[in-house]
Amino acid sequence: GTFGRFGGQYVPEALMPALEELEDAYQRYVLANEDGFMDEFRRRLRDFGGRPTPLQRADRLSERYGRDVYLKREDLVHGGAHKLNNALGQVLLAKYMGKERIIAETGAGQHGTATAMAAAHLDMPCEIYMGRTDVNRQRPNVFRMRINGAEVNPVDAGRGTLKEAISETMRDWSQTVENTHYVIGSVVGPHPFPAMVRDFQSVISEEAREQCLEQIGSLPDSVLACAGGGSNTIGAFHHFTADESVSLYAVEAGGSSLEVDEDAGVAPNSATLSTGTEGVLHGARTHLLQDSHGQIMESHSVSAGLDYAGVGPELAHLVESGRVTPVTVDDDAALEAFHRLSTEEGIIPALETAHAFGFLHEAAGRDDADEVLGDSVVVTVSGRGDKDLETVIEETEKRGLEAAPDL
Ligand SMILES: C[C@@H](c1c[nH]c2ccccc12)[C@H](N)C(=O)O
């Protein structure tokens with residue numbers, strides 16, 4: 001595999017020519033900056049994406065938790081999430097490769113939206129595959145994609161969610177690779193996708209590490225990031241992985257329970273790193289939620305963006321090697337963290353992001369808080385929560401959470 005035992009290219013023979021062409025382009029344009037590709041990528045991320053994003057000290061949370069809490073504000077990237085870092089990089093790469101068409105999958109719609117924005121910005125026709133279930137529960141993002149000029153293709157196969165959308169997009173790509181690039185939405189899929197998406201998202205930790213040295217005068221003691229597919233997680237960790245003094249926590253969705261009902265093939269969580277097992281999904285060997293027959297189980301999370309039964313192979317490797325610690329936060333704690341950041345820091349986070357703040361809250365209350373978090377903590381605000389307001393209002397009332405304001 002590409003990352004220890006994990007990664008690799010577990011794909012039908014039909015996909016190999018496309019992967020070989022992509023590997024060649026990755027080596028030349030991304031790794032060797034041929035034709036100034038990376039210079040243009042950084043310039044467009046600055047002028048169109050709004051980078052660099054601030055590393056902002058959260059004064060209220062720092063006071064509450066008795067340590068310096070810094071927020072890496074990826075919610076301020078154009079489009080409201082870190083997703084544009086990857087989408088812009090891949091659509092620009094498709095142009096350098098001479099492709100004429102962009103396809104992508106999406107779950108909650110953030111990656112689809114980011115891809116539609118990048119494709120409009122770079123004048124590329126764009127088609128987004130989205131599970132019918134997700135089309136129905138993420139209408140605002142469906143409108144945004146269409147208003148940015150993308151076609152949204154509902155996928156009715158299986159449960160009509162992210163997993164089927166990815167499979168459908170890969171099927172399209174295997175037949176259209178001549179003129180089409182597949183902009184994958186996270187650090188998943190066959191090599192070179194996980195490495196390439198990581199390299200685009202690593203602008204997050206490249207900036208954060210430099211900002212820590214400037215603003216704190218040292219490296220942080222810990223970095224926290226939520227983990228769905230793992231792109232914001234790996235992006236927030238990558239330039240810190242060589243710094244052994246920095247603890248790295250990947251916060252997954254604990255959903256409603258960590259107990260798994262294998263017979264029903266349903267996991268009431270998306271805690272792939274904490275509870276999953278090794279297997280192959282979407283072209284890579286990684287960690288998955290699978291039953292004893294190797295069937296991929298349906299995952300769950302109050303946040304659609306974390307609701308995925310797999311995870312990036314590099315993250316699986318970093319957890320197995322002990323460099324990254326996987327932790328989980330359940331639906332209720334994530335919802336309470338959503339309200340806490342909104343009322344105490346004036347930032348409405350994506351429900352995905354709220355999981356990282358749920359772990360900060362829980363860890364800060366423990367006897368070993370100082371060992372776990374240290375004196376300076378960086379939390380990645382991977383996206384903003386406008387898209388989640390209806391879900392949060394509904395779920396908060398249904399659960400009678402006391403943290404909620406009187407809406
Ligand atoms: C759900 C996530 C995503 C998009 N593509 C993925 C591939 C693997 C794992 C996660 C993803 C992204 N937030 C989305 O809504 O498109």
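The values are calculated or read from the model by the stated rules, or taken from the named source; none is laboratory data. Source: prediction; values computed, not measured. Using ideal geometry, Cβ is built from the backbone for each residue, glycine included, and neighbour counts are taken over all protein chains shown. For the accessible areas, the whole protein counts, side chains as well, though only heavy atoms, and no ligand, DNA or RNA atoms are used. Shrake-Rupley method; radii C 1.70, N 1.55, O 1.52, S 1.80 Å.
Here are some notes:
- Residue ID - nearest to Ala284 (Cα to Cα), chosen from residues in the stretch 231-258 that are assigned to a loop (DSSP other than H, G, I, E, B) and open to solvent by 10 Å² or more (accessible area, probe 1.4 Å): Thr241
- Residue match in the stretch 283-294 (condition: within 16 Å of the ligand (Cβ to nearest atom), out of contact with any Leu (no Cβ under 9 Å at 6 or more places or on another chain) and free of Cβ contacts under 8 Å to residues at least 60 places away in the same chain): yes
Yes/no per residue for (1) in a loop (DSSP other than H, G, I, E, B); (2) not polar (S, T, N, Q):
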site	(1), (2)
Ser292	yes, no
Ala316	no, yes
Gly322	yes, yes
Ala334	no, yes
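- Condition check for Glu207 on (1) open to solvent by less than 30 Å² (accessible area, probe 1.4 Å); (2) over 21 Å from Ala150 (Cα atoms); (3) out of contact with any His (no Cβ under 8 Å at 6 or more places or on another chain); (4) not in a loop (DSSP other than H, G, I, E, B): one failure, at (1).
- For the stretch 282-300, the set of residues classified as open to solvent by 10 Å² or more (accessible area, probe 1.4 Å), over 26 Å from Asp199 (Cβ atoms) and touching a helix residue (DSSP H, G or I) at 6+ places or on another chain (Cβ under 7 Å) consists of Asp291, Ser292, Ile296, listed by residue number.
- Under the condition of being open to solvent by 20 Å² or more (accessible area, probe 1.4 Å) and either more than 15 Å from the ligand (Cβ to nearest atom) or at positive phi (or both), the residues counted in the stretch 105-123 number 3.
- Test: residue in the stretch 222-230 that is open to solvent by 10 Å² or more (accessible area, probe 1.4 Å), closer than 24 Å to Thr113 by Cβ and away from the ligand (no atom under 16 Å from the Cβ): no
- Looking across the stretch 76-104 at every residue that is over 18 Å from Phe37 (Cβ atoms) and open to solvent by less than 10 Å² (accessible area, probe 1.4 Å), the one that is nearest to the ligand (Cβ to nearest atom) is identified as Ala104.
- No other residue among Glu395, Glu390 is open to solvent by 50 Å² or more (accessible area, probe 1.4 Å) and either in contact with a helix residue (DSSP H, G or I) (Cβ under 6 Å, 6 or more places away or on another chain) or over 21 Å from Leu84 (Cβ atoms) (or both) apart from Glu390.
- The one condition from (1) open to solvent by less than 10 Å² (accessible area, probe 1.4 Å); (2) out of contact with any Leu (no Cβ under 7 Å at 6 or more places or on another chain) that Leu45 does not meet is (2).
- Contacts under 8 angstrom Cβ, first residue in the stretch 205-231 being within 25 Å of Ala108 (Cα to Cα), partner open to solvent by 50 Å² or more (accessible area, probe 1.4 Å), 6 or more apart: Ser205/His238; Ser205/His239
- Pairs with Cβ under 8 Å, 6+ apart, first in the stretch 163-179 and within 11 Å of the ligand (Cβ to nearest atom), second charged (D, E, K, R): Ala165/Glu105; Ala165/Asp134; Ile166/Glu105; Thr169/Glu105
- Taking the criterion of being among the hydroxyl-bearing types (Ser, Thr, Tyr) and surrounded by 19 or more Cβ atoms within 10 Å (Cβ to Cβ), the only residue of the stretch 343-366 that qualifies is Thr353.
- Reported count of residues in the stretch 295-313, each being within 13 Å of the ligand (Cβ to nearest atom) and outside any loop (DSSP other than H, G, I, E, B), is 5.
- Hits in the stretch 162-202 (condition: in contact with a Lys or Arg (Cβ under 8 Å, 6 or more places away or on another chain) and among the hydroxyl-bearing types (Ser, Thr, Tyr)): Thr176, Thr180
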